[in-house]
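Have a look at the structure below before the remarks.
The values are calculated or read from the model by the stated rules, or taken from the named source; none is laboratory data. None of the values given here were measured: they were computed from a predicted structure. Here the Cβ is made from the backbone with ideal geometry for all residues, glycine too, and neighbour counts use every protein chain on show.
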Amino acid sequence: MTIAESIFHRRNISPDAFNGQAIATEVIEQLLEAANQAPTHGYTEPWRFVVYESTAIKKFTSEHADLYKANTSSEKYTEANFLKIKHRGDKASHLIAVFMKRGTNPKIPRLEEISAVACAIQNIWLLASSMQIGMYWGTGGMVHHSAMKSYFSLSEEDEMMGLLFLGYSDLEWPKGRRIVPMEEKVQWIKE
Ligand SMILES: Cc1cc2nc3c(=O)[nH]c(=O)nc-3n(C[C@H](O)[C@H](O)[C@H](O)COP(=O)(O)O)c2cc1C
């Protein structure tokens with residue numbers, strides 16, 4: 001697949017659509033190498049990954065659900081959400097937690113560090129899509145809660161970027177859709 005084909009092929013694939021088939025470790029390593037080629041301002045390379053596979057996925061999602069239970073008021077808590085978080089990765093081959101590790105160079109704005117990690121995630125997503133590997137970028141549950149930062153021993157300045165669920169799927173690859181027309185997004189200046 002060419003890069004252009006991969007860009008247009010890439011979709012968010014729900015972990016519910018995964019078939020449980022394992023992705024080879026070398027492929028995951030290749031995806032992480034692709035992430036490592038993302039651009040940064042000042043060679044800060046702020047992306048950090050925790051890769052879960054096999055039974056470690058269930059252990060993490062279970063602990064994520066426990067974090068939700070422990071940090072959600074009784075008015076907001078629902079058992080359905082608890083179970084959704086707990087079982088999100090049941091059919092995934094790998095789950096990658098992605099962080100932005102804030103560097104020590106104060107000249108690099110935090111926004112640029114976050115942008116660089118988003119580029120790294122997109123590299124993983126595009127390469128995975130080109131291999132017909134499904135990926136889901138999840139920021140639900142406790143991902144943006146301070147309890148998650150504590151769970152991963154992140155500092156205040158670091159950022160939890162999301163959970164990437166990866167797996168193969170037997171279902172038809174979804175079609176993309178965009179809602180806002182290009183004319184609203186692009187301004188051409190010709191003179
Ligand atoms: C920063 C970010 C966070 C996201 N978080 C979620 C999420 O929590 N749940 C979800 O279903 N999709 C999430 N997505 C995926 C989007 O829903 C998905 O990319 C969007 O629907 C467009 O679909 P497509 O990627 O297949 O074109 C996230 C995407 C980004 C870029």
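Key figures for this structure:
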{"item": "Selected residue (only one of 35, 24 is of a type in the set (A, V, I, L, M, F, W, C) and surrounded by 14 or more Cβ atoms within 10 Å (Cβ to Cβ))", "result": "35"}
{"item": "Subset of the range 1-22 [more than 16 Å from the ligand (Cβ to nearest atom) and either under 20 Å from residue 50 (Cα atoms) or part of a loop (DSSP other than H, G, I, E, B) (or both)]", "result": "1, 2, 19, 20, 21, 22"}
{"item": "Test for residue 95: is it touching a residue at least 24 places away in the same chain (Cβ under 8 Å), within 16 Å of the ligand (Cβ to nearest atom), closer than 17 Å to residue 148 by Cα and more than 16 Å from the chain's Cα centre (by Cα)", "result": "no"}
{"item": "Yes/no for residue 189 being closer than 18 Å to residue 37 by Cα and either more than 16 Å from the ligand (Cβ to nearest atom) or touching a residue at least 60 places away in the same chain (Cβ under 8 Å) (or both)", "result": "no"}
{"item": "Any chance residue 96 is farther than 26 Å from residue 157 by Cβ, at pLDDT 95 or above and either crowded, with 16+ Cβ neighbours inside 10 Å or among the hydrophobic types (A, V, I, L, M, F, W, C) (or both)", "result": "no"}
{"item": "Close pairs (8 angstrom Cβ cut-off, 6 or more residues apart or separate chains): within 17 Å of residue 141 (Cβ to Cβ) and without any contact (Cβ under 8 Å) to a residue 60 or more places away in the chain in the range 48-70, hydroxyl-bearing (Ser, Thr, Tyr) and surrounded by fewer than 16 Cβ atoms within 10 Å (Cβ to Cβ) anywhere", "result": "69/77"}
{"item": "Any chance residue 140 is near the ligand (Cβ under 10 Å from one of its atoms) and surrounded by fewer than 16 Cβ atoms within 10 Å (Cβ to Cβ)", "result": "yes"}
{"item": "Those residues of the range 151-168 which are in contact with a helix residue (DSSP H, G or I) (Cβ under 9 Å, 6 or more places away or on another chain) and more than 13 Å from the ligand (Cβ to nearest atom), in sequence order", "result": "151, 154, 155, 156, 157, 158, 166, 167"}
{"item": "Flag if residue 106 is within 12 Å of the ligand (Cβ to nearest atom) and either over 18 Å from residue 48 (Cα atoms) or touching a residue at least 24 places away in the same chain (Cβ under 8 Å) (or both)", "result": "no"}
{"item": "Filter result for the condition that a residue is within 13 Å of the ligand (Cβ to nearest atom), of a type outside the set (D, E, K, R) and surrounded by fewer than 10 Cβ atoms within 10 Å (Cβ to Cβ), over 121, 114, 179", "result": "179"}
